[in-house]
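Below: one structure, written as structure tokens.
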Amino acid sequence: MSKKFDVCVVGATGAVGETILSILEQRNFPINNLYPLASANSAGKKIMCQGKQWTVQDLASFDFSQAQIGLFSAGGSISKKYAPIAAEAGCVVIDNTAHFRRDKDIPLVVPEVNPHAIAGYTQRNIIANPNCSTIQMLVALKPIYDAVGIERINVATYQAVSGSGKEAITELTDQSAKLLGGNTDINVEVYPKQIAFNVIPHIDVFQENGYTKEEMKMVWETQKIFEDDNILVNPTAVRVPVLYGHSEAINIETKKKITATEATEILSKASGVTVLDIREDGGYATPFTDAMNHDDTFVSRIREDISYEKGLNLWVVSDNIRKGAALNTIQIAEILIEEYL
Ligand code: A2P
């Protein structure tokens, strides 16, 4: 492809934004002009991408008619305000926040699962990137869904702090360093409880039904992406003291019985999936040492449920900042420019 595009990255100085910039470079995305955007505090900073230096600009005064594509990851309130302005100016927004995901006229896309949905972007000039936990779960489950059908998903997540941004990474490392040095005077700001050496069964706000919003996102988004309102999802979302990489213990109830061997065969051929499943010490994926900095979602511990005939267990691990956010966004942008722009 010879055509090049003017691209703005909203939240370019954040945990996801920085990874977006490095993936744009790694995948040689056809960039004409790049506009890294952040708050006024970061305006004037220089960043390198594709061998050129670019200056960070203040989002508040940016003229979106200069860009054809906008990659947004500066938080829901920023997207709420600026994504419609960008869309109106003719810039197609791919939004990483939860703000638009449930809107019926906004496609919610995992390229390995429902790339066809991108076509719907013309309705509002906005495409939503799903929640990180949903993305890796559906990359792993789609091949099984297609083969035998899935009635119900039970999932517990083990989510890295990087999903809450740079401040959370600092909170975990600072707390850990202090506690290891015998200093118990730690800051507890990003999370409601100490995250170092701890586990917190609470992500995003509580809902009336007792689930958290992070958990309900996995329900709503799975149904929307699979275009299946009947699929049942029962999630528990947990924050763990891991820097990068989300893990998920998943149990599915399939429509037809599938053996572990059949599931392994299907997943071994699936796009975006690496099966790492040897039944011996270390023969499975872990977030920090296997998934971090990798594009693929790793599937391990594939085994038939001993308590239910049509049940199957999987351990699914992926880099939450990469496939869970930045990479998925750029894969959507790649399809957009190849097929639609
Ligand atoms: P800045 O670095 O200038 O504050 P993270 O998710 O790692 O916390 O990053 C959040 C990203 O969103 C950063 O790039 C941050 O820019 C950006 N951001 C936060 N608030 C605003 C705002 N009001 N206007 C523009 N960008 C913002």
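The values are calculated or read from the model by the stated rules, or taken from the named source; none is laboratory data. Bear in mind that the values here come from a model prediction, so they are computed numbers and not experimental data. Every residue, glycine as well, gets a Cβ built from its backbone with ideal geometry; the counts of neighbours run over all protein chains shown. Heavy atoms of the whole protein, side chains included, go into the accessibility calculation; ligands, DNA and RNA do not. Shrake-Rupley method; radii C 1.70, N 1.55, O 1.52, S 1.80 Å.
Of all residues in region 148-166, those that are under 17 Å from residue 230 (Cα atoms) have Cβ atoms under 7 Å from Cβ atoms of residues that are among the β-branched types (Val, Ile, Thr) and open to solvent by 10 Å² or more (accessible area, probe 1.4 Å), 6 or more apart or on another chain, in 153/233. Restricting region 204-227 to residues that are free of Cβ contacts under 8 Å to residues at least 24 places away in the same chain and part of a loop (DSSP other than H, G, I, E, B) leaves a set whose member that is surrounded by the most Cβ atoms within 10 Å (Cβ to Cβ) is 207.
I want to confirm something. Restricting to region 288-307 and keeping residues that are of a type in the set (Ser, Thr, Tyr) and free of Cβ contacts under 8 Å to residues at least 40 places away in the same chain, which single residue is farthest from residue 252 (Cα to Cα)? Looking at residues that are of a type in the set (Ser, Thr, Tyr) and free of Cβ contacts under 8 Å to residues at least 40 places away in the same chain, I get 289. Out of curiosity, is residue 268 of a type outside the set (D, E, K, R) and without any contact (Cβ under 8 Å) to a residue 12 or more places away in the chain? Spelling it out, residue 268 is indeed of a type outside the set (D, E, K, R) and without any contact (Cβ under 8 Å) to a residue 12 or more places away in the chain.
When region 206-253 is filtered for residues that are of a type in the set (Lys, Arg) and closer than 20 Å to residue 193 by Cβ, the ones remaining, listed by number, are 213, 239. When region 20-46 is limited to residues that are buried (at least 19 other Cβ atoms within 10 Å of the Cβ) and assigned to a strand (DSSP E or B), the one that is farthest from the ligand (Cβ to nearest atom) turns out to be 34. Taking region 1-15 as the range and being within 16 Å of the ligand (Cβ to nearest atom) and open to solvent by 30 Å² or more (accessible area, probe 1.4 Å) as the test, only 13 passes.
Taken over region 264-292, the criterion of being out of contact with any helix residue (DSSP H, G or I) (no Cβ under 7 Å at 6 or more places or on another chain) and part of a loop (DSSP other than H, G, I, E, B) is satisfied by 269, 271, 278, 279, 280, 281, 282, 283, 284, 286, 292.
Could you look through region 250-284, keep only residues that are buried (at least 16 other Cβ atoms within 10 Å of the Cβ) and among the small types (Gly, Ala, Ser), and pick out the one that is nearest to the chain's Cα centre (by Cα)? Once the filter is applied, the top-ranked residue is 272. Among the residues of region 158-182, those identified as under 26 Å from the mean Cα position of the chain (by Cα) and not in a helix (DSSP H, G or I) are 158, 159, 160, 165.
Matching residues to (1) open to solvent by less than 10 Å² (accessible area, probe 1.4 Å); (2) part of a loop (DSSP other than H, G, I, E, B); (3) more than 26 Å from residue 169 (Cβ to Cβ); (4) out of contact with any Leu (no Cβ under 7 Å at 6 or more places or on another chain):
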{"residue": "306", "(1), (2), (3), (4)": "no, yes, yes, yes"}
{"residue": "309", "(1), (2), (3), (4)": "no, yes, yes, yes"}
{"residue": "323", "(1), (2), (3), (4)": "yes, no, no, yes"}
{"residue": "326", "(1), (2), (3), (4)": "yes, no, no, yes"}
{"residue": "329", "(1), (2), (3), (4)": "yes, no, no, no"}
{"residue": "334", "(1), (2), (3), (4)": "no, no, yes, yes"}
{"residue": "338", "(1), (2), (3), (4)": "no, no, yes, yes"}
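Note on region 47-64: residues that are open to solvent by less than 10 Å² (accessible area, probe 1.4 Å) and outside any helix (DSSP H, G or I) amount to 2. Considering (1) within 16 Å of the ligand (Cβ to nearest atom); (2) farther than 21 Å from residue 234 by Cβ, the lone condition that residue 163 does not fulfil carries the number (2).
Each residue in region 47-75 was checked for being among the aliphatic types (A, V, I, L, M), more than 8 Å from the ligand (Cβ to nearest atom) and within 13 Å of residue 10 (Cα to Cα), and 3 of them qualify.
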